[in-house]
1. Hey, among D1117, D1124, D1104, D1110, which residue is on the phi > 0 side of the Ramachandran plot and assigned by TED's automatic domain parsing to the domain that holds E1049?
2. Taking G25 and the conditions (1) at positive phi; (2) part of a helix (DSSP H, G or I); (3) not acidic (D, E), which numbered condition does it fall short on, given that it satisfies the others?
3. Which numbered condition trips up V582, out of (1) farther than 21 Å from Y706 by Cα; (2) β-branched (V, I, T); (3) surrounded by fewer than 17 Cβ atoms within 10 Å (Cβ to Cβ); (4) not assigned by TED's automatic domain parsing to the domain that holds H778?
4. Any chance the stretch 692-711 includes a residue that's without any contact (Cβ under 8 Å) to a residue 60 or more places away in the chain, surrounded by fewer than 16 Cβ atoms within 10 Å (Cβ to Cβ) and more than 20 Å from N614 (Cα to Cα)?
5. List pairs: first in the stretch 357-380 and closer than 12 Å to I115 by Cα, second charged (D, E, K, R) and surrounded by fewer than 16 Cβ atoms within 10 Å (Cβ to Cβ), Cβ under 7 Å, 6+ apart or cross-chain?
6. Checking the condition of a type outside the set (D, E), touching a residue at least 60 places away in the same chain (Cβ under 8 Å) and part of a loop (DSSP other than H, G, I, E, B), which residue from K898, K836, K859, K903 passes?
7. What are the residues in the stretch 1-57 that are under 20 Å from K70 (Cβ atoms) and among the aromatic types (F, W, Y), if any?
Amino acid sequence: MDFTPEQKKVIDSRNQNLIVSAAAGSGKTAVLTERIVKKICEDENLSVDRMLIVTFTNSAAREMKERIGKKLRAELAKKPDDAHLRKQIAILHTAQITTIDSFCLYILKNHFEEIGVDPSFAIGSEGEITQISDEAFDEALEEAFKEGNEEFLNLVEMYAPKGKFNKFYELVKDIATKADSSAYPYETLENYIVEDIGNVWELPFVKFSMEFENEYLKEAQDIYREVKNIAEGTFLTKHIEEADLTIPFIDDIISSDIRERIVKYPELKRITLNYGRNLPDEKEALKQYANLVNDKARKIIDKCKEKYKNLTEADFEESVKEGYAVTNSLLRFVMSYMHIFEDKKRDKGIISFSDMEHMALEILVKKEDGKIVPTPTALRYREYFNEVMIDEYQDSNDVQETILAAVSKDEKLSGNRFMVGDIKQSIYRFRLAKPEIFKGKCLEYSKEGDRDERIILSYNFRSRKEVIDAVNFVFERCMIEKIGGIEYGEDERLNLGKTDYPESNTNNKAELIYFSKKEFDEDERYKDLSKDEIEAGLVAKKIRELKEAGTKVYDVKTDSMREMRYSDVAILLRSMTNSRDVVFQKALKNEGIQGYVISKSGYYNAWEVQLILNFLSVIDNPRQDLPLLSVLHSFIGGFSEEEIAKIRIVEKKKRLIDSLYQYILVGSDEKLKEKVLNFTTELEELRKQAMYTSASDMLRMIIEKYEYGVMASSLPGGEQRLANVNLLVETADEYEEQGIFCIHDFVKYTEKLKAKQDMGEANMLDENADVVQILTVHKSKGLEYPICFVSGLHTEFRYSKDTILMDEELGIGGDTYNLEKRIKGTSPVREALYSKEKINSLGEEIRVLYVAMTRAREKLILTGMLDEEPEGKDTLSFASIMDSGSFMKLLFPIICEKPELFKINKIRPEDAGIKEVFDEAERISKRQVLESIPAKAGFKEFVYPYESLDNLFVKTTVSELKKAAYLENEDGENTLYHEEEVRVPKIIAETEAENGGAARGSAYHRVMELMDFEHIYEGDIVANLRAHRKKLTDNLFIYEEDDALVSEEKVLKFLDTDLAKRMSEASKRDKLYLEQPFVLSVPANEVNEAFPENEKVLVQGVIDVYFEEDGKLILMDYKTDRVDNAQELVKRYKTQLDYYSEALSRLEKKPVAEIMIYSFALGEVITV
């Protein structure tokens, strides 16, 4: 491979710090590999394990090792006697080519004692971490309520009204997570606290607000200048004078501070074009165009004036102070929660991935006089590592940057740090990536520096000129410094690197294909199709047309042109929401094309992966009920539900594994005992082997012993399932290359991966699979395709709806709440932060578009919906980019002005020819033809004789029949008793026990089912009830959180009724029956008059209470529904109780004398 001068400079530079800005398709990976191998080959004292190479993902680390290994073997083939090269190949698997998480784990495993960490620490599972977090939040709440701080109480009233703490809890966790991405989380949060506001008008957010507003005011000025040009020499000339007055007045506002703007904005008059009606056509057209232009300025001015409407300096200052009072209280609570959370994790010997990074940081750096300095351990790593290389550097955050800086040589003395990335491809802001770090280094390093140098790789060796020209044109106009922090200037432009593309028979000009949903809705054939279905149909049709036209693409392997295959095509989507992937797959299928969705997540939820990981969990620790149950009920254990129930019932109060061993001793079924014995024996043997077996070897052992691969591949989608199993083994191999073999750690590692960045299922595509790939833009990063569709461009941009926003420069802002005045509002700080957040989010969206468009090698096709076509523009202003709303509205105005670069094709309904629609029309047409053929003489049309039984069911429940009967007399389902489930912290569980609809009802039934009615009235009833409930929770008959939902007052009110006392007397005679299940066979026509009498339907249910009194039966049902009157309950449940009565009289062969309901909500006994 011939390298460019810039690439050679990257490969050959030594003894300096380098930052390489590598554009899309610039050969970054090849250059990186060449640099590593060349350094090893030219220096016999340099070993590959003396280099730290950090990648963004495990798959990237694996690919890097493979590339280095392949290149080293190629060098060895040239020098077969080179002992140094042989050694490098042999030790390559031990090299630190790894992710930042894995490197941090390596540091922690080797230096845990330096920070006092227990060496038996474990990476907590998602469930474990969540449980500890819940406990920490509850404890932090309890402490805060005890202190009773007024600002905290205001905070709770704002964010947890009526004790609903779910959203408040999520808010607290979100802030803690953001703080954890910084090197020193507590310092970060402390810096956000504003104790002394000082001069409000000099706070950073004020300056930003004015600058943001100024961009829109400048836009209004430009519009008025355009109005002047339109009016010049026409009947609109009188407005030129208005514009001449307004433009400088806006200048005056731009140069004013906020206090002055409060005074000046009311005086700002917008221009109104009004010349009456019935103008001549040419004047009417000019007026409408001028109004269209002028209207944009009107909206800007109205929006700015509205912001200052009725605003005074005092109001502004008060709102800022109220906002900071709230956020200060919130931040203190978050820090309290974080401290408790950390303590609880430490007590349980559990860490998270975030903890791992901060612990590694603590091992490597310390603070002295406010400065970060390396520890002796970090200095040893500085001496050890010859070079520290970081790939995808644009996606680093503060913690990672500090860690890697700690193990790199002192930048002031010498350089051994190599950073490569592309800020234009930073698309992981949602994972708290901080592209500003990359940008800062680029500004700090010079192009010709001695110690610190910046090298730009701008030549694209991937794409044809047509693609590169289209990309440059778009991003020169929409990728600007003020939005996203990067200006698409000379250094960022793509330069054509591959100049020897053969001539093509295809017009490779970039295309924009769009349609109007409004027009398609007016067409009978398409009115029922969604915009995604229409777009997918148009894309599928275009792919088929390209294929049928004999489109040719360049084949890298043969270095020649060939006819395109479907596998040359990719459809890129911003997201897969609303099942877009399925919609596109279906559209392709309708055109006879196979589509393959490359998923971004779901791997760890695949059945075959979950089961084998559960088995590893059980081998590691069999006292985990859910994983053990999963294994028992699978083909590995081979136990049926009935067998597991038999086993469980012998030892219900202990773990499932205890039940297994107990069944061997006391079980009644000999065959089942033998089966349990065989399973536990095998499990014990595997546990012994696990003591000296790595995770990957144990996986291979399981696959062989239980023929796991055979079983997985025999199920539907077997090839995919087998590939998923094999990928898990590969993952274990990679994990062990870090020197960690423990099964326990591997299981925890996979659980954390699932929580942090679940990956897609194993890629089943081979190079011969002729399928169109459908994937997200994020999944496509690093890939390339000859023909690339970037679809769904009409999808609206989404901006943060967080109630609290944070920014390092502007601070923190949220809602304000004046408890005295009972007024809730939004602080000016949050308004500024929302504008900044919108800028940052839009900057990332533009980078996502850049990644998408640069995947194309030869043909780029953009697709989407556009109902109203905006006016064409050669350039885009800050305001027009900010207000675009979608990629389509952003791109169309500039693309339509450049026909030499883009072929624009609007598809109208009459030209669409979407295959699915016309296939259906063809089927209807054929059916009509067939139906029109006269029947033969004597032929009788067959009629299915049992059509009336279509809806007949064999089995149902009383609840379903009750609901059906109730709804017959109602307009729709009664929603009064569908209550929102809310998380209730322990501290307010007693007072908020009313929350929890179905959960509350179940809790009441459980307490009453286990009530000791025989002895409840002996002595103090209150003491007896409390002792009874404590016994239930202590013995886990009911969980504490469920028991807390039951009101003691309401239970005592029931116990004070004659009905409860009658039940007590019946209990003493052994004539009280609780929670009695039944199955009742009834004639079908009793359930539904349309069903025949000779058919039977089984009705099942559970009777809450019945007892016998004087030879007669009394039936009673508990209800917790919140209703206004007793009649409502009778109306709602009469059908249910009628079935109960019939079942009971058949069961006991005695009449039911009384039917009653006890309503806990009303506190009364209701006779039915």
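1. Working: D1117 fails: on the phi > 0 side of the Ramachandran plot; D1124 fails: on the phi > 0 side of the Ramachandran plot; D1104 fails: on the phi > 0 side of the Ramachandran plot.
When all the criteria are applied, what remains is D1110.
2. The failed condition is (2).
3. Here V582 meets the rest and fails (4).
4. No: the stretch 692-711 contains no residue that is without any contact (Cβ under 8 Å) to a residue 60 or more places away in the chain, surrounded by fewer than 16 Cβ atoms within 10 Å (Cβ to Cβ) and more than 20 Å from N614 (Cα to Cα).
5. These pairs meet every condition: T375/K366.
6. Details: K836 fails: part of a loop (DSSP other than H, G, I, E, B); K859 fails: part of a loop (DSSP other than H, G, I, E, B); K903 fails: part of a loop (DSSP other than H, G, I, E, B).
Just a single option satisfies the conditions, and that option is K898.
7. Listed by number, the list holds a single entry, F3.
Here's the yes/no breakdown for (1) within 23 Å of A378 (Cβ to Cβ); (2) outside the structural domain of D422 (by TED's automatic domain parsing); (3) of a type in the set (S, T, N, Q); (4) not in a loop (DSSP other than H, G, I, E, B):
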residue: L52; (1), (2), (3), (4): yes, no, no, yes
residue: R67; (1), (2), (3), (4): no, no, no, yes
residue: L72; (1), (2), (3), (4): no, no, no, yes
residue: T98; (1), (2), (3), (4): yes, no, yes, yes
residue: D101; (1), (2), (3), (4): yes, no, no, yes
residue: Y106; (1), (2), (3), (4): yes, no, no, yes
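The values are calculated or read from the model by the stated rules, or taken from the named source; none is laboratory data. Here the structure is a predicted model, which means the values were calculated and not measured. Here Cβ is always computed from backbone atoms with ideal geometry, including for glycine, and neighbour counts include all displayed protein chains.
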